[in-house]
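The structure appears right after this line, and notes come after that.
Since every read-out is calculated from the coordinates, none of them should be taken as a lab result. For clarity, every value in this text was computed on a predicted model and none was experimentally measured. Heads up, the Cβs are rebuilt from the backbone with ideal geometry, glycines too, and the neighbour counts pull from every protein chain shown.
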Amino acid sequence: MTNSPASARRDLSDAPLLVAARGGTPAHVPVWFMRQAGRSLPEYRKVREGVPMLTACFDPELLAEITLQPVRRHGVDAAILFSDIVVPLYAAGTDIDIVAGTGPVVAHPVRSRADVAALPRLEPEQLKPVADGVRLLVEQLGRTPLIGFAGAPFTLASYLIEGGPSKDHARTKALMHGEPELWHELAGALAQTALTFLRVQLDAGVDAVQLFDSWAGALSAKDYREFVLPHSTTVLEGIASYGVPRIHFGVGTGELLADMRDAGADVVGVDWRVPLDEAVRRLTTSDRPAPVVQGNLDPALLTAPWPVIEAEVRRIVSEGRAAGGHIFNLGHGVLPETDPEVLTRIVELVHSL
């Protein structure tokens, strides 16, 4: 790992997304959508037909094509690498699969010290197809930035401990509190996994990164600070030397926003539950200026009539002006039943504002 791959990265210093992420004044409010490359697009469904998710994530040409599809169709201000948060676990050799209609499922959940010790460690060369896909994208994206991403240690740990998606994360919380030393051992190992995954993407040329802590909203602020913040900080500070914007996002994390910023975020993602101007108020202190925020249209509203969507977009852009910078996005991922024409109209509207 070079840890300073300036030569691999394009000069996109005037790209609206990167300008906004650094607190500057972009030519227009930048917009991209979480899960913009996915089942809402007919072209995605066509190329993914008969191809398992994890197979697609390790096919450089296919992952590049899928990543490019929403850029071509919608004119968004960034591409986000087509991948999944469990890709580094799978690459390392963990027995995990993505089951349609369920999500990631772990064959042997991690519940003991022996299970933690047996977890395979990720090596950069195991991610060569991902790096090759990033390099293909850098060649083809022109002036559009590419966002890389990883799952945060808590969210990765929750999948491993629960064995799959969970509504209450009961086993995860029980291990956290019942065996805190074991928890920190597991979370520390997963922080290194996430860090390796991000460094491979950065060395291949991504222009920004997002750390997804999808399920951190299940925690109290006290638990987050004690059990999660140190490990997310390891990841975000571990890539600081690359000098790219670092976005940190979680669902239901309105009470954790300040702590998520403290982990090392340059941009704080906000879900739809908290208005952006209120998020800015929570994040601004006497010694910390107004933050850059990302968000936060409720993805469920994408199926509403256009006048409803337009009003919400205008409200969010207006509220975003309270921030040190604003990247328009959804409050979570695009739902599969979304009409892609609606996303294109939103991009046009945001750019016009």
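Can you tell which of Ala311, Ala37, Ala300 shows the greatest fluctuation in a Gaussian network model of the chain with Cα springs below 10 Å? It is Ala311.
A cut-off under 15 angstrom between Cβ atoms defines the neighbours of Phe197, and their net charge, with Lys, Arg +1 and Asp, Glu -1, is -2.
A protection proxy built from the mean count of other Cβ atoms within 10 Å ranks the segments 324-332, 271-279, 163-171, most packed first, as 324-332, 271-279, 163-171.
Think of it as helices only: each DSSP H run of n ≥ 4 in the chain is worth -39500 (n - 2.57), and spread over all residues that comes to -13000 deg cm²/dmol at 222 nm. What the Cα atoms of the chain give is an Rg and a Dmax of 19.0, 56 Å.
Charging the Cβ of each Asp and Glu at -1 and of each Lys and Arg at +1, and nothing else, the dipole of the range 6-352 about its Cα centre rounds to 340 debye. Coupling constants for the range 117-132 follow from the phi torsions by the Karplus curve (6.51 cos²θ - 1.76 cosθ + 1.60, θ = phi - 60°), and in residue order they are 4, 7, 4, x, 8, 7, 10, x, 5, 6, 10, 4, x, 5, 4, 4 Hz; glycine and proline get x. Restricting attention to the chain, close to 15% of DSSP beta bridges with both partner residues there are antiparallel. Across the range 261-276, coupling constants 3J(HN,Hα) worked out from phi with the 6.51/-1.76/1.60 Karplus curve, θ = phi - 60°, read 5, 4, 5, x, 7, 7, 10, 9, x, 10, 7, 6, 6, 10, x, 4 Hz, and Gly and Pro carry x.
Rounded to whole numbers, the Karplus 3J(HN,Hα) couplings from phi for the range 56-64 are 4, 5, 10, 10, x, 5, 6, 5, 5 Hz, using 6.51 cos²θ - 1.76 cosθ + 1.60 with θ = phi - 60°, and x at Gly and Pro. Once both labels are positioned 7 Å from their Cα atoms along Cα-to-Cβ, the gap between Arg143 and Asp97 label points is 4.6 nm. Counting only residues at least eight positions apart within a chain, or on another chain, the lysines with an alpha carbon under 28 Å from that of Lys222 are Lys167, Lys173. Quick note on the range 61-212: its Rg to Rh ratio, both from C-alpha atoms and Rh being the Kirkwood radius, is 1.01.
When its C-alpha radius of gyration is set against 2.2 N^0.38 Å (N residues), the range 1-136 gives a value of 1.24.
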